[in-house]
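The values are calculated or read from the model by the stated rules, or taken from the named source; none is laboratory data. What you are looking at is a predicted structure, and each value in this text was computed from that prediction instead of being measured. Virtual Cβ from ideal backbone geometry, glycine too; neighbours counted across all protein chains shown. Ligands, DNA and RNA are excluded from the accessible area calculation, which covers all protein heavy atoms including side chains. Shrake-Rupley method; radii C 1.70, N 1.55, O 1.52, S 1.80 Å.
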Amino acid sequence: MSLLTHVEARPVRAWSFKKPSVIPGFGLAFGYAVTYLSLIVLIPLVALLLRPWELGWDGFWDTVTAPRVLAALKLSFGASLIGAAVNAVFGLIAAWVLVRYNFPGKKIVDALIDLPFALPTAVAGIALTSIYSPNGWVGQFFAQMGVKIAFTPLGVIVALTFIGLPFVVRTLQPVLEDLNTEVEEAAATLGATRWQIFARVIWPGILPTLLTGFALAFARAVGEYGSVIFIAGNLPMKSEIAPLLIIIKLEQYDYAGAAAVGVAMLGLSFILLLLVNLLQRWSAARAD
Amino acid sequence: MRVRIGLTFVALLYIALLLVLPLVTVFVEAFRGGPERYIESIFNSDTLSAIRLTLMGAAIAVPLNIVFGLAASWAIAKFEFRGKSFFLTLIDLPFSISPVISGLVYVLIFGLQGWLGPWLQEHDIQIIFALPGLVLATIFVTFPFVARELIPLMQEQGTLEEEAAVTLGASGFQTFFRVTLPNIKWGLLYGVLLCNARAMGEFGAVSVVSGHIRGLTNTMPLHVEILYNEYNFVASFAVASLLAGLALLTLVVKTALQWRFGGQIAAVQGH
């Protein structure tokens, strides 16, 4: 019987990359995956990281701290932070309502949350611009008060809020569903007010997850291009987002400069996400 | 009770303003010139080329990503090896990178001043500003989708069935096609759905590597942009409505799949 003949005995090694297994195909699968990853992701990323050094460290620093670049970075990161914060608040409310309450059409609303995921960014971009421009459905009310939304940083914030909503809600929903209501009920029987229950019992439990959702929304918003490019004014120094600046530099054949801004964006995002990660671990430790 | 109503109202208002309004706007603006203008916008040659290019790009990128997703999840879920989390982080990378940067990296390699630029020019091979560049950028942005769906699913399903198949004499491929694939088919479909939606709708990355040449290197999202920038709003929204329709279809099928086969798709965490 050929039951075990094609399973070779493997020599025992002091250090092994992979644990022995009877299932075949690791080499093929892993090899293919790594090759694919290298070609598609790793090599291009290496190209990105290497390119700015053409300018030397000084050149890189000068490019990245040029006023126009700083303004664009400030806008992209600042608007993303605000958008993610808005989503943290309203996304929490939305997730809470979807998990705890019932109302007609709830399933549809729940499915709609994923719209920013599924909708192509360019479509979102033109729709949002249309709505918030001075003669748009919402924009006209604000225009009467002298507030311009489209073509200003405010419009950028609106677009980035749209983009980030699903991240917060979808991250919070499973956690809210798993919340142990017994603790809340116990607190109520001990005389806690609704606010106290929220602040002392619920909030510490969900803060880590809320921060995760915030971080995801923020990370997505920073790099966002399609939904923002139409509603942003694209005026240098005022309403120009960082990704646009990269494209402009590319069009001017300033590859090194474009790569420098790209590396700066990645670096800043990495640092900020690291901070949020630390914050999240701290709050998770506190919750226990 | 008042808190309940208040919160529900706030949540619904937020969702209506932020999500529903844009969706409705797309369709309202698309039909603003009446149904004739709508048909006219869709059936002109530039739009049709854009549709064709979008479909072609997706038709190449999605299958390639499926193979990658299957390979990567097979390696991760059925075996134990060092560096798994590093590998997983690599797979998640496109989610943390701006689409523009995703396109930028390919220009840095294949563009005129890129690493391979001069060589490509010598041999008259067009990658950037042509279909291959579009496909590459699309692949970069969408390859995680299938893998991320399959990995938790296959990890949850474990290795017992495959091991049993092997002890019964099945070869690797037999095991895969007869044992693993049927188990993951709904998760795979789900991942393919998301991958496809993203592939067809990708804008930023494709915008960087495309030449924006109407009728030649314009995908549907890029075409929407061109039309909008020329103030041809009705046409722009008309094409956008096709994409929005695709998005809605994706949402519907996605929800249906989650509903019926939730257990076989594993927890879906964002993205």
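Can you tell me which of B:PRO22, B:PRO63, B:PRO35 is without any contact (Cβ under 8 Å) to a residue 24 or more places away in the chain and open to solvent by less than 30 Å² (accessible area, probe 1.4 Å)?
B:PRO22
Within the range B:7-15, is even one residue in a helix (DSSP H, G or I), over 26 Å from the mean Cα position of the chain (by Cα) and crowded, with 22+ Cβ neighbours inside 10 Å?
Yes, there is a match, as at least one residue in the range B:7-15 is in a helix (DSSP H, G or I), over 26 Å from the mean Cα position of the chain (by Cα) and crowded, with 22+ Cβ neighbours inside 10 Å.
Between B:ILE226, B:ILE139, which is under 20 Å from the mean Cα position of the chain (by Cα) and of a type in the set (Val, Ile, Thr)?
It is B:ILE139.
Given the options A:VAL86, A:VAL99, name the one that is in contact with a Leu (Cβ under 6 Å, 6 or more places away or on another chain), open to solvent by 20 Å² or more (accessible area, probe 1.4 Å) and either closer than 30 Å to B:LEU17 by Cβ or among the small types (Gly, Ala, Ser) (or both). Steps first, please.
Values: A:VAL86 fails: in contact with a Leu (Cβ under 6 Å, 6 or more places away or on another chain).
Exactly one residue qualifies, and that residue is A:VAL99.
Do the conditions hold for B:PHE143, that is, is it open to solvent by 20 Å² or more (accessible area, probe 1.4 Å) and either closer than 23 Å to B:LEU249 by Cβ or touching a residue at least 12 places away in the same chain (Cβ under 8 Å) (or both)? Let's see the steps before the verdict.
Details: open to solvent by 20 Å² or more (accessible area, probe 1.4 Å): no; either closer than 23 Å to B:LEU249 by Cβ or touching a residue at least 12 places away in the same chain (Cβ under 8 Å) (or both): yes.
Spelling it out, it is not the case that B:PHE143 is open to solvent by 20 Å² or more (accessible area, probe 1.4 Å) and either closer than 23 Å to B:LEU249 by Cβ or touching a residue at least 12 places away in the same chain (Cβ under 8 Å) (or both).
Take A:VAL69 and tell me if it is in a helix (DSSP H, G or I), open to solvent by less than 20 Å² (accessible area, probe 1.4 Å) and of a type outside the set (Ser, Thr, Tyr).
Judged against the criteria, A:VAL69 is a match.
From A:THR181, A:THR209, which residue is of a type outside the set (D, E, K, R) and more than 12 Å from every other protein chain (Cβ to nearest Cβ)? Break it down stepwise before answering.
On the way: A:THR209 fails: more than 12 Å from every other protein chain (Cβ to nearest Cβ).
On inspection, the qualifying residue turns out to be A:THR181.
Restrict the check to the range B:71-82 and report whether at least one residue is over 20 Å from B:ARG198 (Cα atoms), in contact with a strand residue (DSSP E or B) (Cβ under 7 Å, 6 or more places away or on another chain) and crowded, with 18+ Cβ neighbours inside 10 Å.
Yes, the conditions are met somewhere in the range B:71-82.
State the number of residues belonging to the range B:84-102 that are more than 7 Å from chain A (Cβ to nearest Cβ) and open to solvent by 40 Å² or more (accessible area, probe 1.4 Å).
5
Give just the number: which of (1) touching a Phe, Trp or Tyr at 6+ places or on another chain (Cβ under 6 Å); (2) within 8 Å of another protein chain (Cβ to nearest Cβ); (3) open to solvent by less than 10 Å² (accessible area, probe 1.4 Å) does B:VAL105 not satisfy?
(1)
Filter the range A:226-243 down to the residues that are of a type outside the set (D, E, K, R) and open to solvent by 20 Å² or more (accessible area, probe 1.4 Å), then identify the one that is farthest from the other protein chains (Cβ to nearest Cβ).
Residue satisfying both the conditions and the ranking: A:MET237.
Which members of the range A:105-163 meet the condition of being surrounded by 22 or more Cβ atoms within 10 Å (Cβ to Cβ) and hydroxyl-bearing (Ser, Thr, Tyr)?
Once the filter is applied, which keeps residues that are surrounded by 22 or more Cβ atoms within 10 Å (Cβ to Cβ) and hydroxyl-bearing (Ser, Thr, Tyr), the range A:105-163 yields A:THR121, A:THR129, A:SER130, A:TYR132, A:THR161.
Tally time: how many residues in the range B:158-173 are in a helix (DSSP H, G or I) and surrounded by 17 or more Cβ atoms within 10 Å (Cβ to Cβ)?
4
Give just the number: which of (1) farther than 21 Å from B:LEU19 by Cα; (2) outside any helix (DSSP H, G or I) does A:TRP195 not satisfy?
(2)
Failed condition for A:ALA94, given (1) in contact with a Ser or Thr (Cβ under 9 Å, 6 or more places away or on another chain); (2) facing chain B (nearest Cβ under 9 Å), with all others met?
(1)
Would you confirm, using the coordinates I've provided, whether B:PHE110 is of a type in the set (Phe, Trp, Tyr) and out of contact with any Gly (no Cβ under 7 Å at 6 or more places or on another chain)?
no
Name the residue, out of B:LEU134, B:LEU116, that is within 11 Å of chain A (Cβ to nearest Cβ) and either more than 28 Å from B:LYS254 (Cβ to Cβ) or crowded, with 18+ Cβ neighbours inside 10 Å (or both).
Of the residues listed, the single one that is within 11 Å of chain A (Cβ to nearest Cβ) and either more than 28 Å from B:LYS254 (Cβ to Cβ) or crowded, with 18+ Cβ neighbours inside 10 Å (or both) is B:LEU116.
Could you tell me which numbered condition A:ASP254 fails, if it satisfies all but one of (1) open to solvent by 20 Å² or more (accessible area, probe 1.4 Å); (2) in contact (Cβ under 8 Å) with a residue 24 or more places away in the chain; (3) at the interface with chain B (Cβ under 10 Å from one of its Cβ atoms)?
(2)
Determine whether A:VAL201 is closer than 23 Å to A:THR129 by Cα and assigned to a helix (DSSP H, G or I).
In short, no.
I'm trying to understand the selection: among the residues of the range A:47-59, which are within 9 Å of another protein chain (Cβ to nearest Cβ) and either surrounded by fewer than 16 Cβ atoms within 10 Å (Cβ to Cβ) or not charged (D, E, K, R) (or both)?
A:ALA47, A:LEU48, A:LEU50
Show me the helices (runs of 4 or more DSSP H) entirely contained within the range A:80-182 in which 1 or more residues are touching a residue at least 24 places away in the same chain (Cβ under 8 Å).
A:115-118, A:121-132, A:153-178
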